[in-house]
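S.K.: Once you've had a glance at the structure underneath, I'll fire off some questions.
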Amino acid sequence: MSATTQPSTDDAPSKEARLKDYLAEKAADGEMYFKSKFIADEVGLSPKEIGALMVKLTDAAEDLEIEKWSYTSATTWRVEPA
């Protein structure tokens, strides 16, 4: 029987941390609005992953104010520094 080893990802930031850092950087000068599909490539996540993480970050990110802003063909999120 052979054991497979997974590459270590201890040094890599989690998906949630990567998204939070991106949002904090982009919103540093004030509020920003975005749709997940438009930032997916920049963050390296799928729009679906971003949507799921945004729900988590809404409660968890104390240094950011995150609000579901509107829904027209996809959710628009509003983010600003807390």
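S.K.: With charges only on Cβ, +1 for K and R and -1 for D and E, what is the dipole size of the chain about its Cα centre, in debye, rounded to 20?
M.R.: Computed charge dipole of the chain: roughly 480 debye.
S.K.: Express the relative contact order of the chain as a whole percentage, based on alpha carbon pairs under 8 Å and six or more residues apart in sequence.
M.R.: 32
S.K.: Here's a follow-up. Per the 1.4 Å probe, what fraction of the accessible area of the chain, in percent, lies on carbon and sulfur atoms?
M.R.: Ligands and nucleic acids excluded, carbon and sulfur give 50 percent.
S.K.: Quick one: accessible area per residue over the chain, 1.4 Å probe, rounded to a whole number of Å²?
M.R.: For the chain, the solvent-accessible area averages 71 Å² per residue.
S.K.: Roughly how large, in nm² to one decimal, is the mean projection of the convex hull of the alpha-carbon atoms in the chain?
M.R.: One quarter of the hull surface, i.e. the mean projection, equals 7.1 nm².
S.K.: Collect residues whose amide H, placed 1.01 Å from N in the peptide plane, falls under 5 Å from the amide H of GLU65; neighbours closer than 5 in sequence don't count.
M.R.: GLU80, ALA82
S.K.: Calculate how steeply helix 47-60 sits against the longest principal axis of the alpha-carbon atoms of the chain, using the helix alpha-carbon long axis, and give the answer as 0 to 90 degrees to the nearest 10.
M.R.: Helix 47-60 and the main axis of the chain meet at about 70 degrees.
S.K.: Amide H of PHE34 versus every other amide H placed in the peptide plane: which residues, excluding those fewer than 5 positions away on the same chain, fall under 5 Å?
M.R.: TRP77
The values are calculated or read from the model by the stated rules, or taken from the named source; none is laboratory data. Since we're looking at a predicted model, the values are computed, not measured. Every residue, glycine among them, receives a Cβ derived from its backbone with ideal geometry; neighbour counts consider all protein chains shown. Note: accessible area is taken over every heavy atom of the protein model, side chains too, but ligands, DNA and RNA are not part of it. Shrake-Rupley method; radii C 1.70, N 1.55, O 1.52, S 1.80 Å.
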